[in-house]
1. Apply the Karplus parameterisation 6.51 cos²θ - 1.76 cosθ + 1.60, with θ equal to phi minus 60°, to every residue of segment 9-26 and state each ³J(HN,Hα) to the nearest whole Hz, in sequence, with x for glycine and proline.
2. Scale the Cα Rg of the chain by the rule-of-thumb value 2.2 N^0.38 Å and send over the ratio, two decimals.
3. Hand me the trypsin sites (Lys or Arg not before Pro) from segment 27-84 located in a DSSP loop with no more than 16 other Cβ atoms within 10 Å, in residue order please.
4. Given H placed on each backbone N at 1.01 Å, which residues far from Ile78 in sequence or on other chains put an amide H within less than 5 Å of it?
5. Using R₀ = 30 Å, calculate the FRET efficiency as 1/(1 + (r/R₀)^6) where r is the Cβ-Cβ separation of Leu35 and Ser82; round to 0.05.
6. Taking the Cα centre of segment 3-80 as the origin and placing charges on Cβ (Lys, Arg +1; Asp, Glu -1), which of Ile78, Thr4, Val67 is farthest toward the positive end of the dipole?
7. Given labels modelled 7 Å from the Cα in the Cβ direction, how far is it in nm from Arg54 to Ser25?
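Please treat every number below as a calculation from the coordinates, not as lab data. Computed from a predicted structure; not experimentally measured. Every residue, glycine as well, gets a Cβ built from its backbone with ideal geometry; the counts of neighbours run over all protein chains shown.
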Amino acid sequence: MPSTLNHLAKGDCGRVAAIDWDRLSVPEGRRLRELGLIEGAAVELIQRGSLFVRDPIAVRVGRTTVVIRAAHAAAITIAPASVA
């Protein structure tokens, strides 16, 4: 069952199933695309912020590690890694 990137647990992997571009500003959407966060990309949540403030999050996209805000991650729907 798909969930959003901000709900993954540390170490969870998946594929970007969809991105709600309407929840993001034009510059935010452009930045996500430049970082490789597009439909079909393989992702792994590798780190969250501090214990009480779980923002930002570090995500591995392919061979690159990127750090994004949890609010932006909430716009990214993730499907299980086994789903192509």
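1. These are the phi-based 3J(HN,Hα) values: 8, 4, x, 6, 10, x, 10, 5, 8, 7, 10, 7, 5, 5, 7, 10, 6, 4 Hz.
2. Values: Rg = 11.6 Å, N = 84, 2.2 N^0.38 = 11.8 Å.
So the chain has a normalised radius of gyration of 0.98.
3. Counting only loop positions with at most 16 other Cβ atoms within 10 Å, the trypsin sites (Lys or Arg not before Pro) in segment 27-84 are Arg54, Arg63, Arg69.
4. Amide H to amide H, under 5 Å and 5 or more residues apart or across chains, Ile78 pairs with Ser3, Thr4, Leu5, Ala17.
5. On the way: r = 24 Å, r/R0 = 0.80.
Between Leu35 and Ser82 the formula returns 0.80.
6. Val67
7. Between Arg54 and Ser25, the simple spin-label model gives 2.6 nm.
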